[in-house]
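The values are calculated or read from the model by the stated rules, or taken from the named source; none is laboratory data. Since the structure is predicted, the reported quantities are computational estimates derived from the model, not experimental observations. Positions of Cβ are generated from backbone atoms using ideal geometry, with glycine treated the same way; all protein chains shown enter the neighbour counts. The area values use the complete protein model at the heavy-atom level, side chains included, leaving out ligands, DNA and RNA. Shrake-Rupley method; radii C 1.70, N 1.55, O 1.52, S 1.80 Å.
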Amino acid sequence: MAASSRAQVLRLYRALLRESQRFSGYNYRTYAIRRIREAFRENKNIEDSEKIEELLNKAKENLEVIRRQVCLFLSFFVAVHYSFNSLMPL
C-alpha cells in the first residue's frame with residue numbers, strides 16, 4: 001500500500017473511532033467501536049488498490065452515517081431531557 005493510502009486509511013480509522021465515541025448510549029458506542037476495529041483488522045492485508053479504494057469509499061459512507069446518527073441521538077436526548085424537565089415542578 002502506498003504511503004499516502006496508508007495515511008488516508010489511518011485518518012479514516014481514527015475519524016470513525018473518534019466519531020463513535022460521541023454516541024451517548026454505551027451499547028451503541030461499544031458496538032460501533034468493536035465493528036470498526038474488526039472491519040479494519042479483517043481488511044488489513046488487502047493489497048489490491050481497487051479493492052482498497054472500494055473499502056475506503058464504504059468507510060467514508062459509514063462515517064457519514066455515524067455522524068448523522070450521533071446528531072440524531074444528541075438531538076433526541078436533548079429534546080427528551082427538556083420536555084421531561086418542563087413537566088417536573090420545581
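The table below lists the values:
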item: Signed unit charges on C-beta, dipole axis of the range 37-79, positive-most listed residue Q69, A59, S49; result: Q69
item: Under the Debye formula (equal points on every Cα, no solvent term), log10 I(q)/I(0) of the range 6-77 at q = 0.11, 0.24, 0.26 Å⁻¹; result: -0.28, -1.08, -1.21
item: Whole-percent carbon and sulfur share, accessible surface of the range 6-85, 1.4 Å; result: 54
